[in-house]
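The values are calculated or read from the model by the stated rules, or taken from the named source; none is laboratory data. Bear in mind that the values here come from a model prediction, so they are computed numbers and not experimental data. Cβ coordinates were reconstructed from backbone atoms using ideal geometry, including for glycine residues, and neighbour counts include every protein chain displayed. Surface areas here come from the heavy atoms of the whole protein model, side chains and all, with no ligands, DNA or RNA. Shrake-Rupley method; radii C 1.70, N 1.55, O 1.52, S 1.80 Å.
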Amino acid sequence: MYSKTLSVTLALLVLCCEITPHQAFDVPEVVKKHVKKLHTRCMAKTSVSEELLEEAKKGDLPNDPTFKCFLHCMFDMFGLIDNENVMHLEALVEVLPVEIHDKIMALVDACGNKKGVDGCDTAYQSVVCYMATDAPFMQSGITDILA
């Protein structure tokens with residue numbers, strides 16, 4: 001059985017990384033199931049519609065409260081947003097492959113700590129900035145998180 005830390009780390013690989021052929025890595029089915037459970041839990045918790053998630057998969061982030069709260073829920077589940085609604089994307093460099101550290105730190109440097117009107121808006125504003133900074137990298141992760 002995987003530890004929670006390992007599961008979250010591997011889930012983040014699935015969610016945030018574009019794995020290229022030279023970085024190929026098999027994500028265990030148990031981790032994929034864990035991510036799917038979190039996705040389902042956040043969908044239920046926020047009442048986000050499948051249509052909004054489909055829109056986001058295409059790269060058009062819906063400016064919708066349920067979608068914003070879905071993002072917050074997922075970031076919260078992975079420990080990337082704290083109780084004061086501060087994003088901690090930089091924490092990913094400790095658990096993700098060195099090949100993508102520059103991409104993560106570029107997002108952190110460009111976007112800093114966005115502050116929305118609440119936690120949901122903060123998560124959304126952060127993702128909007130991440131997309132504006134490096135859409136191809138982010139798009140690879142959005143497809144997985146919204147699947």
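Put simply, of 44, 24, 110 the only residue that is at pLDDT 90 or above, over 16 Å from the mean Cα position of the chain (by Cα), open to solvent by 40 Å² or more (accessible area, probe 1.4 Å) and closer than 18 Å to residue 137 by Cα is 110. Scanning the range 103-138 for residues that are farther than 19 Å from residue 68 by Cβ and of a type in the set (D, E, K, R) turns up 103, 109, 134.
For the range 68-87, filtered to residues that are under 16 Å from residue 129 (Cα atoms) and part of a helix (DSSP H, G or I), the residue that is farthest from the chain's Cα centre (by Cα) is 68. A single member of 103, 58 is crowded, with 17+ Cβ neighbours inside 10 Å, modelled with pLDDT under 90 and either among the hydroxyl-bearing types (Ser, Thr, Tyr) or within 18 Å of residue 135 (Cα to Cα) (or both), and it is 103.
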